[in-house]
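Peer 1: Can you read through this structure? Questions will come right after.
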Amino acid sequence: MTDLLELARKKGSDRQYLLWLRTQPSALSGGMDYDPDTGMSFCDPAHFRTAKNSGTGTKPEYSAIPLTHAEHLRQHRIGQFAFQPREWWERQVEKYLRRWIAS
């Protein structure tokens with residue numbers, strides 16, 4: 001994952017990555033939310049946190065995946081590992097990071 005983070009930093013900032021994630025379908029359902037004011041579809045960037053990269057108010061860089069707003073709320077309500085197992089989160093983070101680097 002360290003090499004992947006280096007490639008991501010060369011590609012662009014974490015902020016650019018999060019903006020790109022908003023344009024991707026949900027990692028869980030494949031769905032997207034729709035904003036009638038702009039006519040655009042979007043997803044929320046949902047962060048994956050672990051003990052080594054977390055803290056109050058800390059969102060580790062390049063560690064988010066796209067979820068619909070309802071899915072993102074559910075993740076926060078029940079907890080990320082009750083939402084999906086750790087291995088699922090790790091696979092999704094890597095998958096979307098690789099897609100962004102290749103885009």
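Peer 1: So how much slack lies between Arg98 and Gln16, counting 0.36 nm per residue of separation and subtracting their Cα-Cα distance, in nm?
Peer 2: Details: separation 82, 0.36 × 82 = 29.52 nm, distance 1.43 nm.
Between Arg98 and Gln16, full extension yields 28.1 nm more.
Peer 1: How large, in percent, is the carbon and sulfur part of the accessible surface of the chain at a probe radius of 1.4 Å? Walk me through the intermediate numbers first.
Peer 2: On the way: 3220 of 6220 Å².
With neighbouring chains kept in place, the figure for the chain is 52 percent.
Peer 1: Given a 1.4 angstrom probe, what's the average accessible area per residue across the chain, in square angstrom? Walk me through the numbers on the way to the answer.
Peer 2: On the way: 6220 Å² over 103 residues.
On a per-residue basis, 60 Å².
Peer 1: Sort 72-79, 59-66, 17-24 by packing, meaning the average of other beta carbons within 10 Å per residue, with the highest value first.
Peer 2: On the way: 72-79: 13.9, 59-66: 21.1, 17-24: 17.1.
Descending packing order for the listed peptides: 59-66, 17-24, 72-79.
Peer 1: Using each residue's phi in region 60-76, evaluate 6.51 cos²θ - 1.76 cosθ + 1.60 at θ = phi - 60° and report the 3J(HN,Hα) Karplus result to the nearest Hz, with x for Gly and Pro.
Peer 2: Rounded to whole hertz, the list is x, 5, 6, 10, 10, 9, x, 9, 5, 4, 5, 5, 5, 4, 5, 4, 6.
Peer 1: Let me ask you something else. Can you tell me how much longer the chain between Glu61 and Leu7 gets when fully stretched, taken as 0.36 nm per residue apart minus their C-alpha distance, in nm with one decimal? Mind dumping the intermediate values first?
Peer 2: Working: separation 54, 0.36 × 54 = 19.44 nm, distance 1.27 nm.
My answer for the length gained is 18.2 nm.
Peer 1: What is the set of long-range amide H partners of Ala64 at a cut-off below 5 Å, with H atoms built 1.01 Å from backbone N?
Peer 2: Phe48
Peer 1: Using helices alone, I'd like the mean residue ellipticity at 222 nm for the chain: each DSSP H run of four-plus residues gives -39500 (n - 2.57), total over residue count, nearest 500.
Peer 2: -14000 deg cm²/dmol
Peer 1: How large is ³J(HN,Hα), in whole Hz, for each residue of region 3-10 in order, when computed from phi with the Karplus curve 6.51 cos²θ - 1.76 cosθ + 1.60 and θ = phi - 60°, using x for Gly and Pro?
Peer 2: 4, 5, 5, 4, 5, 5, 5, 5
The values are calculated or read from the model by the stated rules, or taken from the named source; none is laboratory data. Remember, it's a predicted structure, so these values are computed and weren't measured experimentally. FYI the Cβ positions are ideal-geometry reconstructions off the backbone, even for glycines, and counts take in every protein chain you see. These area figures cover heavy atoms from the full protein model, side chains too; ligands, DNA and RNA do not enter into them. Shrake-Rupley method; radii C 1.70, N 1.55, O 1.52, S 1.80 Å.
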